[in-house]
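Written out below as C-alpha cells is the structure these notes cover.
Each reported figure results from applying straightforward, stated rules to the coordinates on display, with no laboratory input. Because the structure is predicted, anything quoted here is derived from the model rather than measured. Positions of Cβ are generated from backbone atoms using ideal geometry, with glycine treated the same way; all protein chains shown enter the neighbour counts.
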Amino acid sequence: MTNLEGAIERIKRLECPTGDVQYRVAGILEDYAVVNKGQVAINRDKQFDSAGIEGYSTIIPGDSSQSLVVLAKSGSEDYVAKVVDAYLN
C-alpha cells in the first residue's frame, strides 16, 4: 500500500467537528507524507455535493492531473461531519 492509499483509507474513517474537515484531511495527508506541511489546500467543491453530502477536493502535488475528492456528511445537529467516501479523481 502506498502512502497515498494509506492516507485515503484513513480519510474514509474520519469523523470530526464539521468546521475541521479541511484541516483534518490536510493533516492526514501530511502525516502520511503525501504532501509537505503547509503545501496543501483542501477546497470546498460544490460540484460534488448531493443529498446532504458536501464535497471537498485538492490537487495532489507532483501529478496535477490527479485530485483527491472527499465527501462528508454532517450529523443532524451539524456538529460532527463524517466522511462517507474519498477517492482519486
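Summary table
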read-out: Selection count where residues are assigned to a loop (DSSP other than H, G, I, E, B) and of a type in the set (G, A, S), scope the stretch 54-68; value: 3
read-out: Residues within the stretch 2-37 that are touching an Asp or Glu at 6+ places or on another chain (Cβ under 8 Å) and surrounded by fewer than 12 Cβ atoms within 10 Å (Cβ to Cβ), tallied; value: 2
read-out: Residue satisfying all of: in the stretch 24-53; part of a helix (DSSP H, G or I) and in contact (Cβ under 8 Å) with a residue 12 or more places away in the chain; farthest from G75 (Cα to Cα) among these; value: D31
read-out: Selection from the stretch 69-89 of residues that are assigned to a strand (DSSP E or B), free of Cβ contacts under 8 Å to residues at least 60 places away in the same chain and over 14 Å from C16 (Cα atoms); value: V69
